[in-house]
Amino acid sequence: MSDKIAVENVNVPGQVTNVDAAKYHAMHDALMTVVSATPMTAAEIKEAVKAHLPQDLFPGGTTSGWWAKCVQLDLEAKGKLTRHETKPLRWSKA
């Protein structure tokens, strides 16, 4: 059984979901590496993180899109990422 970590969703306050800790931490590190003060779209983030993910957890980038969104929503809920109300939406470090 793999270790789990509780994540929040900025769109559903109070809801907590438990996800795979190793994948969460790998995506967290990748996301925090690529996101800066310059706002990025979800598509830009999704593509940029792939180069920073371990192949044993994300072979060929599989499931990285879902994990990028999961971690992004959690980091927004924790106040570490800021959502910019642009079209398309963009995020930056808080």
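Things worth noting here:
- The set of residues from the range 31-43 being surrounded by 16 or more Cβ atoms within 10 Å (Cβ to Cβ) and farther than 12 Å from LEU75 by Cβ comprises VAL34, PRO39, MET40.
- Restricting the range 58-94 to residues that are touching a Phe, Trp or Tyr at 6+ places or on another chain (Cβ under 9 Å) and not in a helix (DSSP H, G or I), the residue that is nearest to ALA26 (Cα to Cα): PHE58
- Residue list for the range 8-46, restricted to those being touching a strand residue (DSSP E or B) at 6+ places or on another chain (Cβ under 8 Å), among the polar types (S, T, N, Q) and assigned to a loop (DSSP other than H, G, I, E, B): ASN9, GLN15, SER36, THR38
Here, each number is a calculation from the coordinates, and none is a lab measurement. The structure displayed is predicted, hence computed values, not measured ones. Heads up, the Cβs are rebuilt from the backbone with ideal geometry, glycines too, and the neighbour counts pull from every protein chain shown.
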